[in-house]
1. Keeping all protein chains in the complex and leaving out DNA, RNA and ligands, what accessible area do you get for Y142 with a 1.4 Å probe, in Å² to the nearest 10?
2. Taking only Cα atoms of segment 16-86, what ratio of Rg to Rh do you get with Rh as the Kirkwood inverse-distance radius?
Amino acid sequence: MKTPLEPSGRLTAFGNQLIEVHLWLREELTRLRESVDSYLDGHGERPRELRAHCLTFCSALSRHHTGEDDGAFPVLAEQLPELRPVLEELARDHHMVTGILRRLEELLGGLGAETEPGPAEARRVRAELDGLSALLESHFVYEEKRIVAALNSLSAPSWNGSRPDFLLTTPPS
C-alpha cells in the first residue's frame, strides 16, 4: 500500500488511511472465516496453516488497536478534548476485542496440535470469529463516523514521514 506524502513529508489524510486499514482488516477477517468454513466442509487449509492464518490476523488487529490506544487516541484527546468520550468508547471496544482474540488463540491451540481437531473445535473458532466480525463492523463504522474527519485534520509532527503503528497492515521492519 503506497503512502501519499505532502511536499513537507507529512503523511496525508490519516483518517482516510484508517478507512483503508479497516477495509484491509475486514477483507482479512472474511478470508479467515471462509478458511474456517472450508475446513468445516472438509476442504481448505490444514489446521496448522489455518492456525497460522488466524494468529497473523489476530496480531495485525492487536497491533492496530494498540497503536490507536497508545498513539492516535492520546493525540486526538489532547488536540480535540471533545472527542474524549468517543475515544473512551472505542477503547472499551478494544478491550472486548482483546477478550475475543484471547479466546480465539486458546481455541487455536488445539488446531495446531498433533491430533486432528474435530468439527466442534472448528465450529467454536467460527463462532468466535462471527462474534468478532459483528463487533468489529460496529466498531469500525462508529470509529469512521466519529473520528475520520478529526484524523484528517490532525497535526502530529511525530508521524511526519512514516506511518504510525495504527495505520500499518504489516509489522514494522
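1. It works out to around 70 Å².
2. 1.17
The values are calculated or read from the model by the stated rules, or taken from the named source; none is laboratory data. This one's a predicted model, so the numbers in the text were calculated from it and none came from an experiment. Ligands, DNA and RNA are excluded from the accessible area calculation, which covers all protein heavy atoms including side chains. Shrake-Rupley method; radii C 1.70, N 1.55, O 1.52, S 1.80 Å.
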